[in-house]
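Accompanying notes for the structure given below.
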Amino acid sequence: MQSFIPIVIVVLVVGLGIWLKSRRGKKPIKGKGYGILVPLAVMLVGIPLGLYQLMHIPGKTFHMPAVWELLIAILLGVIFGVVMLTQTEYERREDGLIYPKPNRNLKYILIAIVAIRLLLTQYFKSIDVVEFSVLMMCMGALYVGIWRIGSYIKFTKTVSSHVAQRI
């Protein structure tokens, strides 16, 4: 019974994320688009706190994962970030506001990323929990960073293309 609890939690979180994303797509992006960068800002606060907690687990010594493991986490993070970025587009509609373009593939990509992370969790059960946590933080920070910074750049290009058309 206990082994199903994490899976149920992950499924609920992914479902909630997809539901929120589908509802958010119907609303324009407000202001200068800084809301696109909010998840990145949260991660910049959360990762140091997480690392601090990992360094102070009673009875466990903190050590970084092997270089090859870090390189694989970095590579996966970059791949996930680029895939997410290619699926993110913005459009200006008749009302003059900028909306995210609807993308049917995005939910499948998010599910695939979560599934790959779950499979990696199963594959790396022999790795120390601290090492695995550091690898997942590294991978997550990279793909969210690439995706959100790239999305913000795409948003600003959409805004600037409209300004250029006015002139």
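The values are calculated or read from the model by the stated rules, or taken from the named source; none is laboratory data. Please read these numbers as outputs of a predicted model, since none were measured by experiment. All Cβ positions, glycine included, derive from the backbone under ideal geometry; neighbour counts span all protein chains shown. Protein only, heavy atoms only, side chains kept; ligands, DNA and RNA dropped before computing areas. Shrake-Rupley method; radii C 1.70, N 1.55, O 1.52, S 1.80 Å.
For the stretch 30-93, the direction-averaged projected area of the alpha-carbon convex hull comes to 6.4 nm².
The fraction of accessible area contributed by carbon and sulfur in the chain is 70 percent, rounded to a whole number (1.4 Å probe; ligands and nucleic acids excluded).
Given the chain, report the % of alpha carbon pairs whose separation exceeds 25 Å. All intermediate terms of the calculation are to be shown ahead of the outcome.
Working: 5714 of 13861 pairs.
Roughly 41 percent, rounded to a whole number.
Applying the criteria of a DSSP loop state and at most 15 other Cβ atoms within 10 Å to the chymotrypsin sites (Phe, Trp or Tyr not before Pro) of the stretch 8-108 yields F62.
Under a 1.4 Å probe, what is the accessible area of the chain per residue, stated in Å²?
On the way: 11220 Å² over 167 residues.
Per-residue value: 67 Å².
Do any GluC sites (Glu not before Pro) in the stretch 73-167 lie in a loop, going by DSSP, with at most 10 other beta-carbon atoms within 10 Å of their beta carbon, and if so which?
E94
Working note: Karplus 6.51/-1.76/1.60 with θ = phi - 60° gives the stretch 55-72 the couplings 6, 10, 7, x, x, 10, 9, 8, 8, 6, x, 5, 4, 5, 5, 5, 5, 5 Hz, where Gly and Pro are set to x.
Over 31 Å between C-alpha atoms is what I'm after, so list which of K101/K125; K125/K154; K27/K157; K26/K157; K32/K107 land there.
Working: K101/K125 39 Å; K125/K154 38 Å; K27/K157 19 Å; K26/K157 20 Å; K32/K107 25 Å.
K101/K125; K125/K154, as the Cα separations exceed 31 Å there.
Axis angle, to the nearest 10 degrees, between helix 129-166 and the longest C-alpha principal axis of the chain: 10 degrees. Counting Lys and Arg as +1 and Asp and Glu as -1 over every other residue whose Cβ lies under 14 Å from the Cβ of E131, the net charge comes to 0. Among F124, F155, F132, the residue with the largest mean-square fluctuation in a Gaussian network model of the chain, with springs joining Cα atoms closer than 10 Å, is F124.
With charges set only on the Cβ (+1 for Lys and Arg, -1 for Asp and Glu), what does the dipole of the chain come to about its Cα centre, in debye to the nearest 20? Could you put the intermediate results ahead of the total?
Details: 19 positive and 7 negative charges, 175 e Å.
Charge dipole, the chain, about its Cα centre: 840 debye, nearest 20.
Could you compute the longest span of the chain free of trypsin sites (Lys or Arg not before Pro) located in DSSP loops and having at most 14 other Cβ atoms within 10 Å, not counting the site residues? Mind showing how you got there, number by number?
Details: sites that count: K26, K30, K32, K60, R93, R104, K125.
The segment 126-167 is the longest one with no such site.
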